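Below is one structure, written out as structure tokens; comments come after it.
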Amino acid sequence: MMYICNSVDRTRCGSCGGVNPHEHKGNPTLSYCEKVRKHVKCIPVDCLIPDYLFRIDGMERRTERMMKLLEQQLRACRKCTLHMNGKALPYWTVDYKGIAIVGEAPGREEIETNTPFCGRAGKILMEVLERHGIQREHCLIINSVNCRPVEGLKNGKPSALHLETCRPWINKYFGVLKPKKVLLLGNYALGTILEEDGITSKNATLLERDGVSYVKSVHPAYAIYAQEKGLQMLEKSVLLLSKV
Ligand code: SF4
């Protein structure tokens, strides 16, 4: 059974692994656990992939529950100043088929709809993916930072500190969904995941690491900026993704 957490600092029972339904009573490291019916030491939710979930469900339900837990944690994240500008949670569905797409950062439209890649560049990307037989529902779509960087009133660029602070979320999502193919869109994704730069010269190239195929690609916004040339480069990368 999974408990709903009402505790002020979102902790998890160190004894049974359940999220405790009771508020802390004075001591922030102790709370009452309904499952083991005693006061127990709590450990932070944030550092956990909850092993107890492995024991209670089949693979699919387990993944869904873990993803819901991750979403709860991410929704509450205030680890860097970008949280003040709004957040777009990573996109995934139960039809996920082992493909991850990593972008840069959510913009205004993504924040308003809470969906990554729903703006103009996102529409271009989805059209290209569909042309090569890849549906949005089959993918995890996540950004290098989950909150919106701004410059004045416009969309901005994430700083190195923002990227580093947000990186553990990608690790957590990858840890649960274990993608076999990863499409890296633009220099921010390339730098965050592979610690490389120079995406234009590396477009449509492949790196195999630990059983995962990483396809490097220009960002779909480049197809707006460089038009036909940008679109062709994006097409080439997605074609490679569809074949690995
Ligand atoms: S950008 Fe990432 S690390 Fe910063 S507050 Fe948002 S989710 Fe948390």
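Here are some notes:
- Within the stretch 117-155, being part of a loop (DSSP other than H, G, I, E, B) and more than 12 Å from the ligand (Cβ to nearest atom) holds for 117, 118, 119, 132, 133, 134, 135, 152, 153.
- Residue match in the stretch 220-230 (condition: surrounded by 14 or more Cβ atoms within 10 Å (Cβ to Cβ) and of a type in the set (Asp, Glu)): no
- Qualifying residue in the stretch 89-103 (condition: assigned to a helix (DSSP H, G or I), touching a residue at least 24 places away in the same chain (Cβ under 8 Å) and over 15 Å from the mean Cα position of the chain (by Cα)): no
- Criterion (surrounded by fewer than 14 Cβ atoms within 10 Å (Cβ to Cβ) and either basic (Lys, Arg) or in a helix (DSSP H, G or I) (or both)) met by exactly one of 201, 242, 237: 201
Values quoted throughout were computed directly from the atomic coordinates according to the rules given, and no laboratory measurement underlies them. If you're wondering where the values come from, they're calculated on a predicted model, not measured in any experiment. With ideal geometry, Cβ positions are generated from the backbone for all residues, glycine too; neighbour counts draw on all protein chains shown.
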